[in-house]
């Protein structure tokens, strides 16, 4: 039997689920843009995802180490005040360039941090789509121990 507290808790949970915004639906970019995930060059992947390679530099703050001691766990973080609808991360150290694509909800704070694998020294690039205008920032990361079987 449910006691009163459990019953009220379940009721509040059900209410919360019912009023949750239905804008939180993810886009599977692997299905909708499959060529972006098999592109071997960063520019090819950017073109597949965004339709163009024309970018402007800046307005995105990218943090990545100058030297990564282990390519299997390279910390990457980026943030921006831009009102981007989509942000993608690329690198040119692995056979496939696209690392991640984020569909950004309206009025979201763009401040992401995660770790990526890099087989060798390469450049990490972040691209943000702001009303069809692409903003880009890149940084070279030197890898001393390979992350993909090295």
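The values are calculated or read from the model by the stated rules, or taken from the named source; none is laboratory data. Here the structure is a predicted model, which is why all the values come from computation and not from measurement. Every residue, glycine among them, receives a Cβ derived from its backbone with ideal geometry; neighbour counts consider all protein chains shown.
For region 31-57, residues that are over 17 Å from residue 94 (Cβ atoms), more than 17 Å from the chain's Cα centre (by Cα) and surrounded by 11 or more Cβ atoms within 10 Å (Cβ to Cβ) total 5. Applying the criterion of being farther than 15 Å from residue 137 by Cα and in contact with a strand residue (DSSP E or B) (Cβ under 9 Å, 6 or more places away or on another chain) to the residues of region 79-96, the residue that is surrounded by the most Cβ atoms within 10 Å (Cβ to Cβ) is 93. Have a look at 122, 58, 71, 147 and point out the one that is modelled with pLDDT of 95 or more and in contact with a strand residue (DSSP E or B) (Cβ under 8 Å, 6 or more places away or on another chain). Checking each option against the conditions leaves just 122.
Filtered by the rule that a residue be surrounded by fewer than 15 Cβ atoms within 10 Å (Cβ to Cβ) and in a strand (DSSP E or B), region 65-78 gives 67, 75, 77. Each residue in region 83-134 was checked for being in contact (Cβ under 8 Å) with a residue 60 or more places away in the chain and in a strand (DSSP E or B), and 12 of them qualify.
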